[in-house]
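Notes follow once the structure below has been shown.
Bear in mind that the values in this text are calculations on the coordinates, not laboratory data. Given the structure is predicted, the values throughout are model-derived calculations rather than measurements. Glycine gets a Cβ as well: all are built from the backbone with ideal geometry, and neighbour counts include every protein chain shown.
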Amino acid sequence: MSYSKIISSFRKKNILIVGDIILDRYIFGKVSRISPEAPVPVVDVMKESYLLGGAANVANNIIALGGQATVAGVIGRDRAGDVVKELMTGCNISMDSVIADSRPTTVKTRVIAHNQQVVRFDREDRRKLDGKDLISFMENIRKALPLFDAVIISDYMKGVVSASLVKQVVRYAKQNRTFVAVDPKVGHFHLYKNVSLITPNLKEASEGSGVDIRDDKSLLKAGKTLLTRLSCMAVLVTRGEEGMSLFERDTRGIRVTHIPTVAKKVYDVTGAGDTVIAAFTLAHAAGASMQDAATMSNHAAGIVIGEVGTAAVSPDDLLQSLISYPA
């Protein structure tokens, strides 16, 4: 199937994103002096903006690429939660499985001056979902899952993703033969057994596998270790300027594909992992092979890291990149 046909099929696919919802707040300004109170720059604020982060940004990427997306996650009963709802509504992201909790909405505030991040400060509560909230949350997912073509678990370790949640999502998915992809976090790798795909970066792959990745040989060992240990179908290791490496099972054992980067410039890697897993999952759901889905996600990532702040890719931009820089 050609890339253009795959991309044209995006609009028919509906993806469920389960995980941590984050509000990304950006404060833009300029620095012209150092504070007399401490050796820190004084930022003259010029403007401020809000963007969706975490699971909500994954959904935003799905929508931008032409697909349909529903988020299952938690927000607080606060102003930040209201902003998240406004942004998600504006992006046509379904919030049928979003619940409001007593915890504050997770907010990451980044101060940007002259295209450089000066400081970041976070507001969050990492308590795990439990009791009635967890039961209600999982029941919503169980009922909704047959309606979706794939599931993405977006784990930012903010309390939503747990062993019981992953286990139940995998069980429900297997009943419906639904593809489950995970954007992993160090410290949670033991939770991801029997999923379809994980997309760690180099640091995450190294710590998750217990292999110190220093060269191609150790990279191969780490990828194969994760594939075997988690009993998953594929592992996509994102390697920054080195591109990506896809490890997948086939009839002959384990196949490894190295994909060079297509990024021409790097301004901001914020949200790049969200773009990778969104593009890969949507492409695979639309009929792309694992290799083609990885290639498409690589191009999508190359586009977004050339922009400041969490960004999303349009179908036209993705197709143009694939045409301009063929494999």
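Among residues other than ALA285 with Cβ under 14 Å from its Cβ, the summed charge is +3 (Lys and Arg +1, Asp and Glu -1). Annotation: amide H-H contacts under 5 Å for GLY76 (H modelled 1.01 Å from N, sequence separation of 5 or more, or interchain): GLY81, ASP101, THR105, THR106. Of the beta bridges in the chain, as assigned by DSSP with both residues counted there, near 50 percent are antiparallel. Label zone (HIS114, point 7 Å along Cα-to-C-beta; backbone nitrogen cut-off 18 Å) within the stretch 19-48: 27-36, 39-47. Each Lys and Arg contributes +1 and each Asp and Glu -1, all at the Cβ; summed about the Cα centre of the chain, the dipole is approximately 760 debye.
Restricting to Cα pairs below 8 Å that are 6+ residues apart, what does the relative contact order work out to for the chain? Please round to a whole percent. It rounds to 18 percent for the chain. How fast does the chain diffuse by Stokes-Einstein, in µm²/s, taking the Kirkwood radius from C-alpha pairs at 4 °C and 1.567 mPa s? Answer from the Stokes-Einstein relation: 64 µm²/s. Convex hull volume per residue, computed on the Cα atoms of the stretch 166-224, equals 73 Å³. Of the cross-linked pairs LYS128/LYS221; LYS30/LYS185; LYS132/LYS224; LYS13/LYS167; LYS108/LYS221, those separated by over 31 Å at the C-alpha level are LYS128/LYS221; LYS30/LYS185; LYS132/LYS224; LYS108/LYS221.
Here the gap between LYS85 and GLN175, fully extended at 0.36 nm per residue and compared with their Cα-Cα distance, gives a gain of 29.3 nm. For VAL43, neighbours were defined as the other residues whose beta-carbon sits under 15 Å from its Cβ, and their charges (Lys and Arg +1, Asp and Glu -1) total +3. The ranking of VAL169, VAL262 by Cβ neighbour count inside 10 Å, starting from the fewest, reads VAL262, VAL169.
So how many Å³ per residue does the convex hull of the Cα atoms of the stretch 1-156 work out to? Each step should come with its number before you reach the end.
On the way: hull volume 22.3 nm³, N = 156.
In the stretch 1-156, the Cα convex hull volume per residue is 143 Å³.
Packing, taken as the mean count of other beta carbons within 10 Å per residue, orders the peptides 130-137, 183-190, 196-203 from highest to lowest as 196-203, 183-190, 130-137. Here each label is just a point 7 Å from Cα along the line to Cβ, and for HIS258 and ASP96 those points are 4.5 nm apart. Note on TYR325 and SER289: with the Förster distance fixed at 25 Å, the Cβ-Cβ geometry gives a FRET efficiency of about 0.85.
Rank the residues MET46, MET157, MET296 as a footprinting-exposure proxy: fewest other Cβ atoms within 10 Å of their Cβ go first. Write down the numbers at each step before the final one.
Numbers: MET46 11, MET157 15, MET296 27.
In increasing order of surrounding Cβ atoms, one gets MET46, MET157, MET296.
Projecting the Cα atoms of SER162, VAL84, THR106 onto the charge dipole of the chain, computed from C-beta unit charges around the Cα centre, puts SER162 farthest toward the positive end. Projecting the Cα atoms of THR275, ASN176, VAL119 onto the dipole axis of the chain, where Lys and Arg carry +1 and Asp and Glu carry -1 at the beta carbon, places ASN176 farthest toward the positive end.
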